[in-house]
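Structure first, then comments.
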Amino acid sequence: ALKDVTNVDWVVLTSPSAVRFFIEGLHSSGIDLRRLPRVMCCGAGTGSALRTYGILSDLEPRQDFGVRGLLDAVRAELSAPTRILRLRSEKAAPVLTDTLREWGHAVQDEVIYTNAIRHHERCPAFDSVFFASASAVDAFVTQWGAAPLDEATVLAIGEPTAKALRARGREPDVIPERATVDDSISALATYY
């Protein structure tokens, strides 16, 4: 996926995990970071992950972190068709790629990592649970069902995670205004 990174105008990263695998791939491929194209990401958490490697995001939504916010930012910033490399997990929805293509952009869509459930012997005791992704909701419910969530305070980092919870029959108790870890922790503290 990274062999063409210097031949595109933009790279799209939509999670801190995508950032980590992107950087690891760059290092293992020997790609000079000075040759990177512009980078867009879906929000502050992903932008912060980029900054830990000394890379600043060129485009990210100021609010409404996620696909919808990123698409709004792209529409405002990119008036002409561009070449875009989207790096994602295998679980990422196709709406971002499909919409960018509908707008005339040439999008190379590549899976850079896969999600896997880490199995545990037992469900830990908890009063609150913080779900930072839809795949975390799926992994939890696959192992222990939704019943352990009935007596807990449930925090969803953002709307895609909240949607995954609702699909499993549990409305989240807390959703922060911005989908970042810091805002989530503050929202949980405020809730309590």
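Overview of values
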{"quantity": "Of (1) 9, 34, 33, 18, 6, 0; (2) 11, 39, 33, 14, 4, 0; (3) 10, 39, 39, 12, 0, the label for P(r) over Cα pairs in 10 Å bins from 0, in percent derived from the coordinates", "calculated": "(1)"}
{"quantity": "Anisotropy class of segment 102-192 from Cα gyration tensor, a/c 1.5 cut", "calculated": "oblate"}
{"quantity": "Separation between Cα centres of segment 169-192 and segment 34-56, rounded to whole Å", "calculated": "24"}
{"quantity": "Between helix 67-77 and the chain: long-axis angle, C-alpha atoms, 0 to 90°, nearest 10", "calculated": "30"}
{"quantity": "Sequence-distant residues sharing a close amide H with Ser128 (under 5 Å, placed H)", "calculated": "Thr153"}
{"quantity": "Anisotropy class of segment 10-118 from Cα gyration tensor, a/c 1.5 cut", "calculated": "rounded"}
{"quantity": "Per residue solvent-accessible surface (Å²) - segment 34-192, probe of 1.4 Å", "calculated": "57"}
{"quantity": "Inter-probe distance in nm under a simple model that places probes 7 Å from Cα toward Cβ, at Leu33 and Val95", "calculated": "3.3"}
{"quantity": "Label point at Glu110 placed 7 Å out along Cα→Cβ; residues across segment 52-95 whose backbone nitrogen lies under 12 Å", "calculated": "84-88"}
{"quantity": "³J(HN,Hα), Karplus 6.51/-1.76/1.60, whole Hz, each residue of segment 43-49, x for Gly, Pro", "calculated": "x, 5, x, 5, x, 5, 4"}
{"quantity": "C-alpha long axis of helix 16-29 to longest principal axis of the chain, angle in °", "calculated": "40"}
{"quantity": "Value of relative contact order over segment 55-160, rounded to a whole percent, pairs C-alpha under 8 Å and six or more apart", "calculated": "20"}
{"quantity": "In degrees, nearest ten, helix 181-191 long axis to first principal axis of the chain (Cα)", "calculated": "30"}
{"quantity": "Ranking by accessible area, most exposed first, for Asp150, Asp58 with a 1.4 Å probe", "calculated": "Asp150, Asp58"}
{"quantity": "Distance (nanometres) between label positions extended 7 Å along Cα→Cβ at Tyr191 and Ile117", "calculated": "2.3"}
{"quantity": "Residues Ser79 and Ala125, FRET efficiency given R0 of 45 Å [Cβ-Cβ distance, rounded to 0.05]", "calculated": "0.25"}
{"quantity": "Relative contact order of segment 102-192, defined on C-alpha pairs under 8 angstrom at six or more residues apart (%)", "calculated": "23"}
{"quantity": "Average Cα contact separation per residue, the chain, under 8 Å, 6 or more apart, as relative contact order %", "calculated": "17"}
{"quantity": "Rounded percent of accessible protein surface that carbon and sulfur make up, segment 1-113, 1.4 Å probe", "calculated": "47"}
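The values are calculated or read from the model by the stated rules, or taken from the named source; none is laboratory data. All figures in this text were calculated on a predicted structure; none of them were measured in a lab. For neighbour counting, all protein chains shown are included, and Cβ atoms are generated from backbone atoms with ideal geometry for every residue, glycine included. Please note that ligands, DNA and RNA were not included when accessible areas were found on the heavy atoms of the full protein model with its side chains. Shrake-Rupley method; radii C 1.70, N 1.55, O 1.52, S 1.80 Å.
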